[in-house]
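Each remark here refers to the structure printed beneath this line.
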Amino acid sequence: MDLLNENSSLDNKTIDKLKYDLVRDGLVTYDDIEHASELAIAQNTNIGQILINTQMIDEAVLMRFLEEKLHTPCVDLENYSIDKKCLDFITYQDAIRFKILPLFIIEDTLTVAMADPMDLFSIDKIMQITKKNIDPVIASEKSILKKINEYYDIKAKVEDINIDNSKSYNWQEELHNDDLSFEHIQVLFRAILKQAISQDVHELYFENSQEGLTVNFKKPDKIIQTGTIPSLLTSSFIQSLKSMSNLDPNVFEIPQLGKLNFNVDNNELTASVSAFPTIAGERILIKIYHPPLEIEKLNIAQDKIELIKKSLEKSGIVLICGASLSGKTHLIYSILSNLISKSKNVMTLESIAKYRLKGVAQCELNENIGFNLDKAMRFIEFQSPDIIYFEGITTKEGLDFFTSLTLKNKTLITEFMAENMDDLRRKFEYSEFTMFKSVISCLIFIHSKDSIEVFDKKDLEKYLI
């Protein structure tokens, strides 16, 4: 029996011992237990935390139940001060691996907080590592992971990446199934990024499966599964990635959006990192953005560049269209960097600011503090912007609002997804777009890196509207 299966087997025995007591005590229903068990297996996590996250049971109630049934003390880590010298006994990697936090030591006995104090496998391993007797107490998994990241204060970053175009890269060459060290996780993530960038991949995602965490590269026409990070490494890998991206590694039941910066061949790249809960565990998607090029280095004729410039000097909508991963955002950043007069008051509304733009007031929407699109729409006019970039209009209210801004002498830059011109015409046939179409002053369609069309209002009246 391998390490992972042995650990899982013991964990299931603990669940089986207590789950019917929860039902008998009237704390949860049998259906709740069955559903939580399925989710725990799918997400490779503790069933107690699943019960808490899904609000089947209150955390304090579950902790009291475990304390009574196991005759083991329960600790509220939020109001507990640990002996920080004890951190030397257990590394960050092992703390994450076993979901434990050392609290204090008396003679040869180390007291540790555990979400599952009956996990005999983990206790035995900790005893081998520390050479101490282990006295477990109960704490919630979420609070343990939170305090691990607070106390150990791991500052992670992606080391510089250099690409040799004469070589082919395979991140699995850096994969060592039995190496749980923090350094190995860092090397592994760097190798995944390196392979993605060398293959001109701008979007990749990590998805839970029975075998572990699948690593998928998304191309415009296909998705390539490049391999699987084993289940044993999954928790450490996700914790590390979220920490680097300024996401809360202890939150996994609600969506989060973060940002990652790293250097490739002496150029700083930005990536947005989106964590989204699924029944199989968190799905994490990374979008890589390259620095904007000067507009002259793109495949746009000089007379068309002048047309875009003129459109930015008057009210109306400058619309950038193309398929997914066609480079719409990259082109918009080039326009914002190169073509706008310094006399204009320019603002952006973005989920993530990809790069700092000189002379542009960039604003990141933040649902966590209530700064959403609705609030931005109600207050942005007080800033008297001449030009506004919004990365995508997804609601009828947003469409109507930004259309109305053009009637107040504002210029709007935004993007719209369409596979080709026929697809765009078909989408624009909907009545919701009638007013929107009428105020488009310039449309840029990205067919490919080597084919970018620019239409003025006359062209649009002939080909589109």
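The values are calculated or read from the model by the stated rules, or taken from the named source; none is laboratory data. Just so it is clear, the model here is predicted, and its values are computed rather than measured. Note: ideal-geometry Cβ built from the backbone for every residue, glycine included; neighbour counts use all protein chains shown.
Just one of ASP374, ASP400, ASP422, ASP459 is of a type in the set (Asp, Glu), within 24 Å of GLN256 (Cα to Cα), outside any loop (DSSP other than H, G, I, E, B) and without any contact (Cβ under 8 Å) to a residue 60 or more places away in the chain; which is it?
Only one candidate qualifies: ASP374.
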| said: Tell me yes or no: at least one residue of segment 314-324 is crowded, with 20+ Cβ neighbours inside 10 Å, of a type outside the set (Phe, Trp, Tyr) and either assigned to a loop (DSSP other than H, G, I, E, B) or at pLDDT below 90 (or both). | reply: no
| Close pairs (6 angstrom Cβ cut-off, 6 or more residues apart or separate chains): under 21 Å from TYR80 (Cβ atoms) in segment 112-125, among the polar types (S, T, N, Q) and not in a loop (DSSP other than H, G, I, E, B) anywhere | ASP116/THR14
| Limited to segment 419-445, what total is found for residues that are surrounded by fewer than 21 Cβ atoms within 10 Å (Cβ to Cβ) and in contact with a Gly (Cβ under 7 Å, 6 or more places away or on another chain)? | 1
| request: Name every residue in segment 117-135 that is surrounded by fewer than 23 Cβ atoms within 10 Å (Cβ to Cβ) and of a type outside the set (A, V, I, L, M), in order of residue number. | output: ASP119, PHE121, ASP124, LYS125, GLN128, THR130, LYS131, LYS132, ASN133, ASP135
| Subset of segment 416-444 (residues that are touching a Cys at 6+ places or on another chain (Cβ under 8 Å) and closer than 15 Å to LEU325 by Cβ) | PHE416, MET417, ALA418
| request: Considering every residue within segment 227-250, establish whether at least one is touching a helix residue (DSSP H, G or I) at 6+ places or on another chain (Cβ under 8 Å), in contact (Cβ under 8 Å) with a residue 24 or more places away in the chain and under 25 Å from GLY322 (Cα atoms). | output: no
| message | Looking at segment 404-413, can you tell me whether even one residue there is within 24 Å of LEU257 (Cα to Cα), crowded, with 18+ Cβ neighbours inside 10 Å and under 29 Å from the mean Cα position of the chain (by Cα)? | response | yes
